[in-house]
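Asker: What follows is a single structure, and I will ask about it in a moment.
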Amino acid sequence: KALGVRQYHVASVLCQRAKVAMSHFEPNEYIRYDLLEKNINIVRKRLNRPLTLSEKIVYGHLDDPANQEIERGKTYLRLRPDRVAMQDATAQMAMLQFISSGLPKVAVPSTIHCDHLIEAQLGGEKDLRRAKDINQEVYNFLATAGAKYGVGFWRPGSGIIHQIILENYAYPGVLLIGTDSHTPNGGGLGGICIGVGGADAVDVMAGIPWELKCPKVIGVKLTGSLSGWTSPKDVILKVAGILTVKGGTGAIVEYHGPGVDSISCTGMATICNMGAEIGATTSVFPYNHRMKKYLSKTGRADIANLADEFKDHLVPDSGCHYDQLIEINLSELKPHINGPFTPDLAHPVAEVGSVAEKEGWPLDIRVGLIGSCTNSSYEDMGRSAAVAKQALAHGLKCKSQFTITPGSEQIRATIERDGYAQILRDVGGIVLANACGPCIGQWDRKDIKKGEKNTIVTSYNRNFTGRNDANPETHAFVTSPEIVTALAIAGTLKFNPETDFLTGKDGKKFKLEAPDADELPRAEFDPGQDTYQHPPKDSSGQQVDVSPTSQRLQLLEPFDKWDGRDLEDLQILIKVKGKCTTDHISAAGPWLKFRGHLDNISNNLLIGAINVENGKANSVRNAVTQEFGPVPDTARYYKKHGIRWVVIGDENYGEGSSREHAALEPRHLGGRAIITKSFARIHETNLKKQGLLPLTFADPADYNKIHPVDKLTIQGLRDFAPGKPLTCIIKHPNGTQETILLNHTFNETQIEWFRAGSALNRMKELQK
């Protein structure tokens with residue numbers, strides 16, 4: 001009762017005006033616009049001011065709207081999300097934690113999506129067969145765990161989690177959490193969809209109110225209209241250049257204004273998806289006729305009709321206040337391309353060639369890659385095919401290698417039927433499996449050697465060092481699919497399709513015309529193969545097996561509780577220099593196969609982080625032996641010898657993916673605190689969930705006072721309280737000491753997690 005745990009699915013009270021299911025797959029789980037309306041009215045009366053759309057949806061899901069303290073950027077909200085979605089790489093640890101909770105069924109509709117473990121190598125069908133064989137143990141675990149605990153299971157080949165959600169589960173006004181940082185994709189259908197770690201997902205699946213720091217709201221007013229080569233992707237590329245990779249931290253980005261209606265629903269999803277790269281909690285668009293059209297085309301006209309009735313609650317109030325306001329005239333916006341090595345380094349396509357020459361970036365494009373969860377809609381594929389068709393008409397094919405990743409089985413089947421896939425093959429493309437593939441490092445790349453300097457252009461969302469192919473010398477740029485296609489045909493960054501000419505096979509020069517394509521198929525979508533597994537009504541006989549000798553899966557052991565004392569003489573494992581994303585902390589690519597085995601995946605801990613002491617990655621000094629060695633080996637040495645340790649980080653530590661392994665691994669190997677100048681939102685929460693202390697320098701300049709050979713003592717934990725800084729004593733080898741202050745963002749609940757050893761431990765304490 002204290003937890004508010006719902007032990008099994010309970011059909012919601014039906015809406016007063018209509019009874020509409022959340023999805024075709026859960027006919028007894030209904031959309032609760034009536035409850036949303038009731039909660040919004042309670043909050044509106046309390047706050048007595050116009051509300052943004054973000055506030056309406058978030059506050060409309062409050063556990064206690066009458067008494068919840070609400071202050072943007074300050075208070076923690078207790079929320080009741082409508083559903084949970086998990087991709088296969090993060091679902092393993094999430095389901096292992098849920099199994100540890102001892103609960104019999106998930107309390108809210110939940111799904112698992114197999115998209116991260118399929119490596120791009122030869123092409124769609126062959127790569128899928130290979131993945132099913134290699135990952136059979138993991139897929140079987142996820143399928144049986146889903147069946148046992150009431151979670152829907154989308155088999156490998158079904159598509160990328162965010163495209164599946166958009167096609168089947170997202171709807172205007174939904175509050176959805178997903179164990180992937182690009183969950184905000186669902187904002188393209190007017191929902192608040194937030195990326196979280198697995199432990200957060202476990203809370204929601206257990207029926208516990210989910211805590212979120214009350215987000216600020218950044219407004220982006222769009223005027224004018226998109227046309228020509230400018231695409232929805234250019235909106236977020238421009239916004240990323242304005243806000244940078246941390247400018248959206250702690251905020252929801254809310255798009256509004258007359259320009260919104262010129263963007264398709266899937267285009268809005270693209271913009272929301274890549275909002276993760278500016279650190280935003282999520283992004284959202286107001287409900288409009290483009291969303292209604294998409295809902296109807298994907299078999300959900302009943303949801304669209306219901307949304308029409310409640311539309312006042314699915315758009316912002318007139319006169320609402322934004323904490324920051326950005327204005328973009330879409331009529332003046334030019335095609336952009338961002339990179340390399342960071343998604344906020346924005347360039348107009350017309351200028352990137354000259355910038356590349358000046359900076360010494362390779363101009364020749366080795367590979368162009370389109371698709372991914374950001375840009376794999378029917379419209380995206382159609383616009384790319386429109387560019388490719390023009391090249392073929394003049395006898396040209398791509399000068400660069402070219403790959404295509406359909407977003408879902410439905411998209412794959414439909415673009416095959418409508419001829420887009422064949423056009424893209426004819427121009428030189430290889431159609432990969434319906435999966436994440438190279439976007440998350442699942443790419444068996446053969447055309448270069450590691451360390452070889454080269455350029456690739458993608459329609460992906462993220463381009464951190466080594467992310468796509470594990471080569472730190474790959475200069476990756478992100479742009480729209482149609483620009484990728486044009487650049488792959490030209491083979492160089494110096495090509496601007498708006499002004500430059502190509503030479504056809506007949507020797508005549510021609511210019512590519514701006515692509516035009518349908519946003520949705522004229523016929524119905526072709527669903528392709530059925531790849532969904534419903535959880536059985538009776539799962540009492542279902543077994544979930546995890547072999548004790550498995551190298552892929554490992555049942556979790558509880559982390560140790562706090563011993564009630566201050567943390568004394570912590571050894572510094574590494575002082576990180578510069579950018580440190582979750583890719584640096586827990587690499588993806590070949591390491592994805594160990595996502596269900598905490599001890600094995602801990603062998604990649606911080607191997608990508610740069611050590612300030614020697615400027616190298618994966619090379620740190622062992623304070624006992626004084627020898628330099630890999631970070632994981634040094635951490636294991638400290639753990640074996642009872643030496644507790646700490647990591648020192650720079651700005652926006654932990655940006656990027658939602659992967660909670662970046663928090664689980666340091667906890668597993670004996671870490672106690674991470675001290676930085678600032679944190680990315682998801683990673684900071686993940687660290688708290690696992691019983692670690694994410695702390696920030698009260699004075700960022702104190703970062704320079706700490707040296708890798710120092711020892712640290714963190715004091716004040718006996719009186720640990722919200723808003724109360726902790727004291728850190730820096731002990732230098734020469735016997736001198738310095739004292740600095742460390743800030744934190746813990747609330748009372750999160751302090752209980754720390755004392756219990758983890759959020760999961762605390763859940764078990766409350767159950768007892």
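The values are calculated or read from the model by the stated rules, or taken from the named source; none is laboratory data. These numbers come from a predicted model, not from an experiment. Because the Cβ atoms are built from the backbone with ideal geometry, glycine has one as well, and the counts that use them run over all protein chains shown. Please note that ligands, DNA and RNA were not included when accessible areas were found on the heavy atoms of the full protein model with its side chains. Shrake-Rupley method; radii C 1.70, N 1.55, O 1.52, S 1.80 Å.
Asker: What does the net charge come to around Asp426 if you take all other residues with beta carbon closer than 13 Å to its beta carbon, with K and R at +1 and D and E at -1?
Answerer: +3
Asker: Let me ask another. Which whole-number value in Å² is the accessible area per residue of the range 21-329, probe 1.4 Å?
Answerer: Averaged over the residues of the range 21-329, the accessible area is 27 Å².
Asker: In vacuo Debye scattering of the range 226-317, one point per C-alpha: log10 I(q)/I(0) at q = 0.19, 0.21, 0.25 Å⁻¹?
Answerer: Results for the range 226-317 at q = 0.19, 0.21, 0.25 Å⁻¹ read -0.93, -1.06, -1.25.
Asker: May I have the extent of the alpha carbons of the range 80-160 along their three principal axes, as whole Å values ordered from largest to smallest?
Answerer: 42, 24, 16
Asker: Here is a further query. How much space per residue, in cubic angstrom, does the convex hull of the C-alpha atoms of the range 29-184 take up?
Answerer: Per-residue hull volume (Cα only) is 136 Å³.
Asker: When the helix-only estimate is applied to the chain (DSSP H runs of n ≥ 4, each -39,500 (n - 2.57), divided by the residue count), what is the mean residue ellipticity at 222 nm, nearest 500 deg cm²/dmol?
Answerer: -8500 deg cm²/dmol
Asker: Over the range 21-329, with every protein chain in place, what whole percent of the accessible area is carbon and sulfur at 1.4 Å, could you tell me?
Answerer: Heavy-atom surface of the range 21-329 belonging to carbon and sulfur, 1.4 Å probe: 48 percent.
Asker: Using a/c under 1.5 as the rounded threshold, could you call the range 336-511 rounded, prolate or oblate? The axes a ≥ b ≥ c are square roots of the C-alpha gyration tensor eigenvalues, and prolate needs a/b larger than b/c, oblate otherwise.
Answerer: It is oblate, given that a/c is not under 1.5 and a/b is not larger than b/c.
Asker: Right, here's the next one. Of the cross-linked pairs Lys126/Lys616; Lys216/Lys561; Lys45/Lys216; Lys45/Lys311; Lys399/Lys449, which ones have a Cα-Cα span greater than 27 Å in the structure shown? Let's see the in-between values first.
Answerer: On the way: Lys126/Lys616 38 Å; Lys216/Lys561 34 Å; Lys45/Lys216 20 Å; Lys45/Lys311 19 Å; Lys399/Lys449 20 Å.
Over 27 Å Cα-Cα: Lys126/Lys616; Lys216/Lys561.
Asker: Which value in nm describes the separation of the simple spin-label points at Asp545 and Lys639, placed 7 Å from the Cα toward the beta carbon?
Answerer: Placing both labels 7 Å beyond Cα along the Cβ direction yields 2.8 nm.
Asker: So, one more: FRET efficiency for Asp569 and Lys768, Cβ-Cβ distance as r, R0 = 41 Å, nearest 0.05?
Answerer: So the FRET efficiency works out to roughly 0.75.
Asker: Using +1 at the Cβ of each Lys and Arg and -1 at the Cβ of each Asp and Glu in the chain, identify which of Val352, Gly654, Tyr171 lies farthest towards the dipole's positive end.
Answerer: Projecting each Cα onto the dipole axis, the largest value belongs to Gly654.
Asker: Shifting gears a bit: If you take every residue apart from Tyr637 with its C-beta less than 13 Å away from the C-beta of Tyr637, what net charge results, scoring Lys and Arg +1 and Asp and Glu -1? Kindly include the intermediate steps, with their values, before the conclusion.
Answerer: Working: positive: Arg621, Arg636, Lys639, Lys640, Arg644; negative: Glu627, Asp633.
It works out to a net charge of +3.
Asker: Using 23 Å as the Cα-Cα cut-off, could you pick out the over-long pairs in Lys293/Lys537; Lys639/Lys689; Lys233/Lys358; Lys246/Lys764; Lys579/Lys705?
Answerer: Among Lys293/Lys537; Lys639/Lys689; Lys233/Lys358; Lys246/Lys764; Lys579/Lys705, the Cα-Cα distance tops 23 Å for Lys293/Lys537; Lys233/Lys358; Lys246/Lys764.
Asker: Once label points are set 7 Å from the Cα along Cα→Cβ at both Lys38 and Leu392, what is their separation, rounded to one decimal in nm?
Answerer: 5.6
Asker: Given all pairs of different Cα atoms, what value in angstroms does the Kirkwood hydrodynamic radius of the chain take? Intermediate values should be presented prior to the final figure.
Answerer: Working: mean 1/r = 0.0380 Å⁻¹.
It works out to 26.4 Å.
Asker: Antiparallel as a % of all DSSP beta bridges within the range 336-511, to the nearest 5?
Answerer: 30
Asker: Still on this structure: Could you tell me the calculated FRET efficiency between Ala66 and Asp599, based on Cβ-Cβ distance and R0 = 41 angstrom, to the nearest 0.05?
Answerer: 0.30
Asker: To continue, here is another question. Trypsin sites (Lys or Arg not before Pro), restricted to the range 346-451: which are DSSP loop and have at most 13 other Cβ atoms within 10 Å?
Answerer: Answer in residue order: Lys446, Lys449, Lys450.
Asker: With charges set only on the Cβ (+1 for Lys and Arg, -1 for Asp and Glu), what does the dipole of the range 21-329 come to about its Cα centre, in debye to the nearest 20? Can you show the working numbers first?
Answerer: On the way: 31 positive and 33 negative charges, 56 e Å.
Dipole magnitude for the range 21-329 comes out near 260 debye.
Asker: For a label point 7 angstrom out from the Cα of Lys508 toward its Cβ, which stretches of the range 362-402 have the backbone nitrogen within less than 12 Å?
Answerer: Residues 394-395 qualify, since their backbone N sits under 12 Å from the label point.
Asker: With charges set only on the Cβ (+1 for Lys and Arg, -1 for Asp and Glu), what does the dipole of the range 336-511 come to about its Cα centre, in debye to the nearest 20?
Answerer: Dipole of the range 336-511, to the nearest 20 debye: 420 debye.
Asker: Still on this model: Could you tally the net charge around Lys494, taking each other residue with its Cβ under 14 Å from the Cβ of Lys494, Lys/Arg +1 and Asp/Glu -1?
Answerer: -4
Asker: Let me ask something additional. Ignoring ligands, DNA and RNA, please state the percent of accessible area on the range 567-767 from carbon and sulfur, probe 1.4 Å.
Answerer: Details: 3360 of 6850 Å².
Whole-percent figure for carbon plus sulfur exposure: 49.
Asker: Could you give the accessible area per residue of the range 571-695, probe 1.4 Å, as a whole number in Å²?
Answerer: 27
Asker: Tell me the volume per residue, in Å³, of the convex hull enclosing the alpha carbons of the range 21-329.
Answerer: Expressed per residue, the convex hull around the Cα atoms of the range 21-329 is 136 Å³.
Asker: Counting only protein heavy atoms and using a 1.4 Å probe, what share of the accessible area of the range 440-562 belongs to carbon plus sulfur, as a whole percent?
Answerer: Result for the range 440-562: 47 percent of the exposed heavy-atom area is carbon or sulfur.
Asker: Another one. I'd like to know how the range 567-767 sits against the 2.2 N^0.38 Å rule of thumb: what's its Cα Rg over that expected value?
Answerer: Numbers: Rg = 15.8 Å, N = 201, 2.2 N^0.38 = 16.5 Å.
The reported ratio for this selection is 0.96.
Asker: If you don't mind, there's one more thing I want to ask. Give, rounded to the nearest 20 debye, the magnitude of the charge dipole that the chain has about its Cα centre when Lys and Arg contribute +1 at Cβ and Asp and Glu contribute -1 at Cβ. The partial results should precede the final answer.
Answerer: Working: 89 positive and 88 negative charges, 159 e Å.
So the magnitude is around 760 debye.
Asker: Related question: Considering only the chain, what is the antiparallel percent among its DSSP beta bridges, to the nearest 5?
Answerer: 40
Asker: According to a simple spin-label model (label point 7 Å from Cα along Cα-to-Cβ), what is the distance in nm between Gln715 and His321?
Answerer: 4.1
Asker: Can I ask one more? Run the Debye formula on the Cα coordinates of the range 503-563, all scatterers equal and no solvent, and tell me log10 I(q)/I(0) at q = 0.26 1/Å.
Answerer: -1.15
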